[in-house]
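The structure appears right after this line, and notes come after that.
Each reported figure results from applying straightforward, stated rules to the coordinates on display, with no laboratory input. Quantities reported herein were computed from a predicted structural model and do not represent experimental measurements. Here the Cβ positions follow ideal geometry from the backbone for every residue, glycine too, while neighbour counts run over all protein chains shown.
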Amino acid sequence: MSRNTFATITPSALRHNLQRVRALSDGARVMAVVKADAYGHGLKRCLPALVDVDMLAVATMDEARAIRALEPRVPVLLLEGVMAPAELEAVARLGLEMVVHHPSQLDWIEASARAPGPRIWLKLDSGMHRLGFPPGRAREIHARLLALEGVEQVVLMTHFACADRPEHPLNRRQIAAFDHAVQGLSGPQCLANSAALLNLPETRRDWVRAGLLLYGVSPVAGRHGPALGLEPVMTFETRLIAVNEVPAGDTIGYGARFVASRDMRVGVAAIGYGDGYPRNMPDGAPVLVNGREQRLAGRVSMDMITIDLQGQPDARVGDPVVLWGQGLPVERVAETVGTIPYELLCRVTRRVAYRER
């Protein structure tokens, strides 16, 4: 018998969010980032809603192969480029595009005597200091890439460290460093990720990279997807499997962390850290029962949570429980537990049943 624990995926919400991203992009072409199995939503379920994007982007070759097994037409970009020279053949065979961010990758391409495709993406490190060539080498690397046989275009790109905080001075330094480095160089430009798309409109150049926004979630602290006109694509939900009476003064759950301050009705829901719901979720964390907000009461265990059912005297076994999604933004849950929504979406485990609505 099913535990009735689901990650419910709504493709129509994904399509809606894509249109919202296009409206924000000032005519720029849209790259949909679908790494980490579409941010935990399931690539196979999400891909049909994204076939009209200008490009898909992934982190690994295996993720690119998974896309090609499902969709042969949409352009696909390897955001981290190739990890070894042997992968260049797969890039060409699968019709992928690749980022070049390190001298080793450029050496591999030059040694192969031919680029794997007509378009190469040149990543510059404008100040995040993770991946990318130093800005002072932009002209040299740009020229070397254009000199490769078969290369027709070089896209110039960078990535922001603090785009979720528009007032942070590093944003302006990064924009200035990039613009100075690429002055006079040919090729489209790609700067804005989801946070920059919202906060740094001057970075909406020729391409934008949309990740979290597509899934109906805000990348900016204190702002939730619905307020931005977005719809949640994932709803993480389960059911009550027990309703118990707990007298005042008794404790609930492992470690006896929660002490009942009154006689309580307590619901037990079939969800836990074995499903991806964080063990460190504090007492008082919000959940929805029958569409109404209730509070976590007691430590999260592997398979269950306990919920204060105050105000719901008629709650019973089988009633729906939403951990995040429709009616309860995942951003709010992430804030409660001290993490980011990316992590919650990506940590849903394999024993949770996925379904579409």
Report task. For region 210-295, state what percent of all Cα-Cα pairs lands in each successive 10 Å bin, counting from 0 Å until the bin that includes the largest distance. Result -> 13, 37, 30, 16, 3
Query raised in the report: Tell me, what is the FRET efficiency for residue 314 and residue 354 to the nearest 0.05, using R0 = 25 angstrom and their Cβ-Cβ distance as r?
Result: 0.25
Query raised in the report: Taking the Cα atoms only, what angle lies between the long axis of helix 103-112 and the longest principal axis of the chain, rounded to 10 degrees?
Result: 60 degrees
**Report entry** Cα-projected label distance for residue 165 with residue 113, points at 7 Å along beta-carbon direction, nm
**Finding:** 5.2 nm
Report summary line: Here FRET efficiency (C-beta to C-beta, residue 176 to residue 228, R₀ 25 Å, nearest 0.05) is 0.35
Report summary line: Cα extents of the chain per principal axis, largest first, Å, are 77, 44, 36
Query - Potential extension, residue 137-residue 283 segment - 0.36 nm per residue separation minus Cα distance - result: 47.3 nm
Requested in this report: Please pull out the direction-averaged projected area of region 11-217, using the convex hull of its alpha-carbon atoms, in nm² to one decimal place.
Outcome: 10.6 nm²
Query raised in the report: For the Cα atoms of the chain, what angle does the longest principal axis make with the long axis of helix 11-24, in degrees from 0 to 90, nearest 10?
Result: 50 degrees
Report summary line: A correct Stokes-Einstein calculation for region 128-195, using the alpha-carbon Kirkwood radius, 25 °C and 0.890 mPa s, returns a whole-number D in µm² s⁻¹ of 188 µm²/s
Report summary line: Simple spin-label estimate for residue 62/residue 257, 7 Å along Cα→Cβ, in nm, reads 3.2 nm
Query raised in the report: Once the Cα gyration tensor of region 151-267 is diagonalised, what are the square roots of 5 times its eigenvalues, in whole Å and ordered largest first, as equivalent ellipsoid semi-axes?
Result: 49, 17, 12
Report summary line: Note on region 105-161: the mean projected area of its alpha-carbon convex hull, in nm², is 3.7 nm²
Requested in this report: Please tell me the relative contact order of the chain in percent, rounded to the nearest whole number, where contacts are Cα pairs under 8 Å and at least six residues apart.
Outcome: 18 percent
**Report entry** Modelled FRET efficiency - R0 22 Å, residue 70 with residue 90, Cβ distances, 0.05 increments
**Finding:** 0.85
Requested in this report: Multiply the residue gap between residue 250 and residue 346 by 0.36 nm, knock off their C-alpha separation, and tell me the result in nm, one decimal place.
Outcome: 31.0 nm
**Report entry** 23 Å tail of the calculated P(r), region 234-356, as % of Cα pairs
**Finding:** 24 percent
